[in-house]
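What follows draws every value from the coordinates through simple rules; no lab data is involved. This is a predicted model, so every value here is computed, not measured. A quick note on method: Cβ atoms are made from the backbone with ideal geometry, for glycine too, and the neighbour counts reach across all protein chains shown.
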Amino acid sequence: MTFPVLTSRKILLIVGGGIAAYKALELVRLLKKAGAEVRAVLTEGGAAFVTPLSLAALTGHPVRMGLFLPDEETTMGHIELSRWADLVVVAPATAGLIGKAANGLADDLASTTLLATDKRVLLAPAMNVRMWQHPAVQANVARLQGFGDLHGMAVVGPDDGEMACGEFGPGRMAEPAAILTAIEDLLEDTVAVGQVARPLAGRHAVVTAGPTFEPIDPVRGLTNRSSGKQGYAIAAALAARGATVTLVSGPTGLPAPAGVTRLEVETALQMQAATGAALPADIAVLSAAVADWRVDTVAGGKIKKAPGGPPTLSLIENPDILAGIAAPGPMRPALVIGFAAETTDLEANARAKLSRKGCDWIVGNDVSADVFGADGNTVLLVSAGGAEAWPRLSKTEVASRLADRIAEHFVPKA
């Protein structure tokens, strides 16, 4: 794959202090291979994990580390750095760096450069899952994203996975290839120095994600294995492109994406009501795995084992949320996208669902292998105009591609 948008572009990489700093070396290699010029700022914490010599050898430039170095600051080197770059990338973006940037603090070279830059900034967060989920960190990320077109910062990741500390959850820095794609996306949207087109600004998107849970009694229920990761990634990608995003989520345990309004629901009926109440919208991406059925009568107490054997459950169909949103009418979004989770005949089943539901696009995803709860996905984008097969990608990359297609639908590229 070639990245012509990166040819001769200037990337300033700020490497924060975290175990994920080793991935910054691979990111530099990918950027250089794609034709970009890279310079690096290494924080004191970052230097505990990677050496200045490694970064200098890969970038081909001296690595900047200190704010008060006479040879560099006689010409106000931190200002020069911030103006030199076409894009600033912070990888890993630690909780400390994010907090400093969100609150205008500048006590070292990295934070001063972030405050002084007039270019877009891409953050690749990396930290312990509890740190990432802390309200203070989430508020800081949301604040950085909300600073507007000039100062607003974009975010890629973090991914779910096992941490160096042994815990599991969101907090792993996005893989270098995913960061490279996010860099390309930001640079493609650059229309002038210091100004970035946010192609979905002014658009409202409603995204559904996760499973639903249909109670049988106070302790049991009908549900499915959807993790919600893909829908959450889509909500984040749309927000990064300027959309106002309402995320209607079943029970997932995932943190709300920064800058996204999340409405938490449990049952299909609740999801239907919340999704309808979120309208009007320009875009609807209905990725939730809604249970097809619910019991007609929920028991008031726990159903006990009895000599007669298991109880007989009478099931009734849940509402078809996708068909309802896609139905013609004044509240129908301009673009309605559904998902089709299939184990066989992916394209045929996705096309049938496209016709049956009345939506504009279907994202068919093959769930026959390692998809539920995983970080990767294999999808087929189906519309009336044809089908586009994507290779297996991370769910973050799938979300980025889909958000780009949505943006092109509303603002076609010249």
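Using only Cα atoms, find the angle between the long axis of helix 395-410 and the longest principal axis of the chain, and express it within 0 to 90 degrees, rounded to the nearest 10.
90 degrees
Determine the sum of side-chain charges near Trp390: Lys and Arg each +1, Asp and Glu each -1, restricted to other residues whose C-beta is under 14 angstrom from that of Trp390.
Surrounding charge for Trp390 is -1.
Show me, bin by bin at 10 Å from 0, the whole-percent P(r) of segment 221-261 based on Cα pairs.
30, 51, 16, 3
Per DSSP H run of n ≥ 4, the term is -39500 (n - 2.57); total these for the chain, divide by its residue number, and report the mean residue ellipticity at 222 nm rounded to 500 deg cm²/dmol.
Computed ellipticity for the chain at 222 nm equals -9500 deg cm²/dmol.
Given labels modelled 7 Å from the Cα in the Cβ direction, how far is it in nm from Trp84 to Leu115?
Those two pseudo-labels are separated by 2.1 nm.
Give me Val207, Val245, Val50 ranked fewest to most by other Cβ atoms within 10 Å of their Cβ, as a rough exposure proxy.
Listed from fewest to most nearby Cβ atoms, that is Val50, Val245, Val207.
Suppose R0 equals 51 Å. What FRET efficiency, 1/(1 + (r/R0)^6) with r the Cβ-Cβ distance, do Arg29 and Ala352 give to the nearest 0.05?
Plugging the Cβ-Cβ distance into 1/(1 + (r/R0)^6) gives 0.70.
Just to confirm a number: summing +1 for Lys and Arg and -1 for Asp and Glu over residues other than Val265 whose beta-carbon lies under 14 angstrom from that of Val265, what do you get?
Cβ neighbours under 14 Å give a net charge of -1.
Which of the residue pairs Lys229/Lys353; Lys229/Lys302; Lys23/Lys229; Lys10/Lys395; Lys229/Lys357; Lys357/Lys395 have a Cα-Cα distance greater than 26 Å in the structure shown?
Violating the 26 Å limit, Cα to Cα: Lys229/Lys302; Lys10/Lys395.
For the chain, what proportion of DSSP beta bridges, expressed in % and rounded to the nearest 5, is antiparallel?
35 percent
With the crude spin-label approximation of a point 7 Å out along Cα→Cβ, what separation in nm comes out for Glu44 versus His134?
For Glu44 paired with His134, the spin-label model returns 1.9 nm.
Counting only DSSP beta bridges with both residues in segment 204-410, tell me the antiparallel percent, nearest 5.
Antiparallel bridges: around 40 percent, rounded to the nearest 5.
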